[in-house]
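Notes for the one structure printed next.
The values are calculated or read from the model by the stated rules, or taken from the named source; none is laboratory data. All of these numbers come straight from a predicted model, not from anything done at the bench. Cβ placement follows ideal geometry from the backbone for every residue including glycine, while neighbour counts extend to all protein chains displayed. For the accessible areas, the whole protein counts, side chains as well, though only heavy atoms, and no ligand, DNA or RNA atoms are used. Shrake-Rupley method; radii C 1.70, N 1.55, O 1.52, S 1.80 Å.
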Amino acid sequence: MSERDPFDFSDQVVVVTGSSSGIGEAIARACVARGARVVVNSSSSVEAGTALAEELGDAAIYRQGDISKEEDGRAVLEGAAAQWGRIDHLVNNAGTTAVIPHHDFDALTEDVWRRILDVNLLGTFFLSRLALPYLRETKGSIVNVTSLAGVRQVGSSIPYSVSKAALNHLTKLMANQVGPEVRVNALAPGLIETPWTAEWDEAHEQMKRAAPLQRSGTSEDMAAACIGLMASPYTTGAVLLSDGGVNLRG
């Protein structure tokens, strides 16, 4: 009898935070295409999230929740468990930022720091901790969507970059503690074509000139990378750079 195809997600349940658009939406679609059932989530884009879940049919439900609030995170997970009785993967894609030049220290107020860290780092940790009992039962995994900004001196703001660097390290620290039952990995995208970056024309042009693959990434590119991490049974504690190779060029 042959072993199950690791890319076959039939009967598995995936919670994808921040999945009403962009990378999260692409990951949700890719999971459903492989047989999974998916929880679509957003903190405020209720109409878009609901529409996506309806489009995906019986394979998806929508749950609103701000992951920086522990009670919201708990409700999202409980919604998945109540609907399907299990959770196999948690994709921590939800995040926030503020576009602030790195030299403008005066603009880095306490409110800016706290909001970004609360969502990108603390909310992600607390949601992951809440998910561990479910994931231990299914021998599941966590994928944290971080950023190239977490490993290089780039990014939309210093607090954003710091939050992603911390999340990369948290990935390794958690992976070292929760195995063998649960795997924890990170996906670190470079510049991606999403609604958020739609008007970043110069940045996309720079990527074409700088990256070996000569283009910005797409949400579908990131979904493929995320699926790879979810499906890889012997990979944990990895931070996968998916940046078209731009990190190779200084």
Inset, instruction - Assign one of three labels to the range 93-143, namely rounded, prolate or oblate, based on the Cα gyration tensor with a ≥ b ≥ c the square roots of its eigenvalues; rounded applies when a/c is under 1.5, prolate when it is not and a/b is larger than b/c, and oblate otherwise. - result: prolate
Legend entry - Residue-by-residue Karplus 3J(HN,Hα) for the range 144-161, coefficients 6.51, -1.76, 1.60, Hz, glycine and proline x: 9, 8, 10, 5, 4, 5, x, 10, 10, 7, 9, x, 5, 6, 4, x, 4, 4
Inset, instruction - Using the Karplus curve 6.51 cos²θ - 1.76 cosθ + 1.60 with θ = phi - 60°, work out ³J(HN,Hα) for each residue of the range 40-57 in order, rounded to whole Hz, and write x for Gly and Pro. - result: 8, 9, 7, 8, 9, 7, 5, 4, 5, x, 5, 4, 5, 4, 5, 5, 7, x
Inset, instruction - Set the Förster distance to 22 Å, then compute FRET efficiency between Glu47 and Ala81 from the Cβ-Cβ distance, nearest 0.05. - result: 0.30
Legend entry - the chain: angle of helix 124-138 to the longest principal axis, Cα-based, in degrees nearest 10: 30 degrees
Legend entry - Rounded percent of accessible protein surface that carbon and sulfur make up, the range 33-122, 1.4 Å probe: 47 percent
Legend entry - Burial ranking of peptide ranges 172-184, 146-158 (average Cβ count within 10 Å, highest at the top): 146-158, 172-184
Inset, instruction - Run down the aspartates and glutamates and flag those whose C-alpha is under 19 Å from the C-alpha of Lys139, throwing out any fewer than 8 positions away in its chain. - result: Glu3, Asp5, Asp8, Asp11, Glu78, Asp88, Glu181
Inset, instruction - Name the residues whose placed amide hydrogens come within less than 5 Å of the amide hydrogen of Leu240, ignoring near sequence neighbours (fewer than 5 apart) on the same chain. - result: Ala186, Leu187, Ala188
Inset, instruction - Mind computing the radius of gyration and Dmax over the alpha-carbon atoms of the chain? Å is fine for both. - result: 17.3, 63
Inset, instruction - Give a residue-ordered list of calculated ³J(HN,Hα) values for the range 238-243 (Karplus: 6.51 cos²θ - 1.76 cosθ + 1.60, θ = phi - 60°; whole Hz; x for Gly, Pro). - result: 8, 10, 8, 6, 10, 9
Legend entry - Peptides ranked, highest mean first, by Cβ atoms within 10 Å: ranges 27-36, 102-111: 27-36, 102-111
Inset, instruction - Leaving out ligands and nucleic acids, note down the accessible area per residue over the range 78-227 with a 1.4 angstrom probe, in whole Å². - result: 48 Å²
Inset, instruction - Could you state how much accessible area Trp200 has, in square angstrom rounded to the nearest 10, with a 1.4 Å probe and all protein chains kept in place? - result: 90 Å²
